[in-house]
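Presented below is the structure to which this report refers.
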Amino acid sequence: MNNKVLIILGAGKAQIPIIETAKKLDYFVIAIDRNQESRGFKIVDKKIIISTYDSKTVVDELIKLKDKYNYKYIGVIARTSGPALYTAAAISETFGLPGLMAEIVPLATEKSTFRNFCREKDIPVPKGEKVELSNFIETKCDFPVIVKPDLPIIGKEAVKLITDRDKLDQAVQLASDASYNGVVEIEEFIEGFDIGCLFIINRNTSSIIAYWDEMVGIKKNGEIIGCGVSVPSVIKGTTIENKVKIIVEKFTKSLSSDVEAILILAFRIDLNG
């Protein structure tokens, strides 16, 4: 069993299906979570009670366990977002496991970092700005705007569409509270629809696996909520699909040649396609 050790970040409700599947496949499962009462801990083989945000402490503990029990780590699964992905990348790179790399994580977690990366590579992104709560006075973007955490802790929490100035300060405060680094992203609002593109990268070569349409709703208070997805995407077989392919290829070639990953890029398709 020690030759099939799988590391899972988190042991809460969201990780239960992963843990159960891993156990059915006869993996020895190590789960990491700061909450010692997490439900997943009841069915794992080894539990590590440390915050998934604490990369160094987690890696140090995994090294100790590997040396003590001669574990052979073969994979790390992170069904999560935000700061925990830095820990997933640290585990992958320390033990030579497939998964996220440190180069990818900031792009996948920090809105402002991703926007700046795309601008440098001439990849189209919405206009936006990085806002520090301590010195925020006014946005440079035209209303309406989308306000969101720069480094979100939980999904779409505190993501809002703001149509007038009177509601902006409160939205910025809420987004700052929901952002791990306290920083807020303010973006122009683009009329249109959202699609997701799942693709695999292998040494500067990309291969698209699937497209889907994202069903998104807006509450009366401006809160953005995810409602589901629709497949096949309406872009299949259209000129928009070709544009997406070009952007995916450009993004892939902008990364280091040793990057291997499965990624999703989200696209906002405006009314002009």
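The values are calculated or read from the model by the stated rules, or taken from the named source; none is laboratory data. Since we're looking at a predicted model, the values are computed, not measured. Don't worry about glycine lacking a Cβ; one is built from the backbone with ideal geometry, like all the others, and counts go over all protein chains shown. The accessibility values were calculated without ligands, DNA or RNA, using every heavy atom of the protein model including side chains. Shrake-Rupley method; radii C 1.70, N 1.55, O 1.52, S 1.80 Å.
Values as computed for the structure displayed
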quantity: Test: residue 41 is without any contact (Cβ under 8 Å) to a residue 12 or more places away in the chain and either among the hydrophobic types (A, V, I, L, M, F, W, C) or part of a loop (DSSP other than H, G, I, E, B) (or both); calculated: no
quantity: Condition met for residue 87 (open to solvent by less than 30 Å² (accessible area, probe 1.4 Å), touching a residue at least 40 places away in the same chain (Cβ under 8 Å), polar (S, T, N, Q) and part of a loop (DSSP other than H, G, I, E, B)); calculated: no
quantity: Total residues in the stretch 60-84, condition in contact (Cβ under 8 Å) with a residue 40 or more places away in the chain and either among the basic types (Lys, Arg) or farther than 19 Å from residue 45 by Cα (or both); calculated: 7
quantity: Any chance residue 230 is crowded, with 16+ Cβ neighbours inside 10 Å and among the polar types (S, T, N, Q); calculated: no
quantity: Those residues of the stretch 194-206 which are more than 30 Å from residue 271 (Cβ to Cβ) and surrounded by fewer than 16 Cβ atoms within 10 Å (Cβ to Cβ), in sequence order; calculated: 200, 202, 203, 204, 205
quantity: Top-ranked residue of the stretch 90-106 - restricted to ones that are assigned to a loop (DSSP other than H, G, I, E, B) and open to solvent by 30 Å² or more (accessible area, probe 1.4 Å), ranked as nearest to residue 63 (Cα to Cα); calculated: 96
quantity: Positions within the stretch 201-257 being under 21 Å from residue 155 (Cβ atoms) and polar (S, T, N, Q), in sequence order; calculated: 221, 230
quantity: Residue selected from the stretch 2-17 under the condition closer than 22 Å to residue 66 by Cα and surrounded by fewer than 20 Cβ atoms within 10 Å (Cβ to Cβ), by the criterion modelled with the highest pLDDT; calculated: 4
quantity: Leading residue by the ranking (modelled with the lowest pLDDT) among those in the stretch 55-79 that are part of a loop (DSSP other than H, G, I, E, B) and open to solvent by less than 60 Å² (accessible area, probe 1.4 Å); calculated: 78
quantity: Complete set of residues in the stretch 246-267 that are farther than 28 Å from residue 97 by Cα and touching a strand residue (DSSP E or B) at 6+ places or on another chain (Cβ under 7 Å); calculated: 267
quantity: Candidates 5, 29, 44 - the one that is over 30 Å from residue 199 (Cβ atoms), among the β-branched types (Val, Ile, Thr) and over 22 Å from the mean Cα position of the chain (by Cα); calculated: 44
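Matching residues to (1) closer than 30 Å to residue 163 by Cα; (2) modelled with pLDDT of 95 or more:
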site	(1), (2)
196	yes, yes
201	no, no
211	no, yes
219	yes, no
235	yes, yes
238	no, yes
241	no, yes
246	no, yes
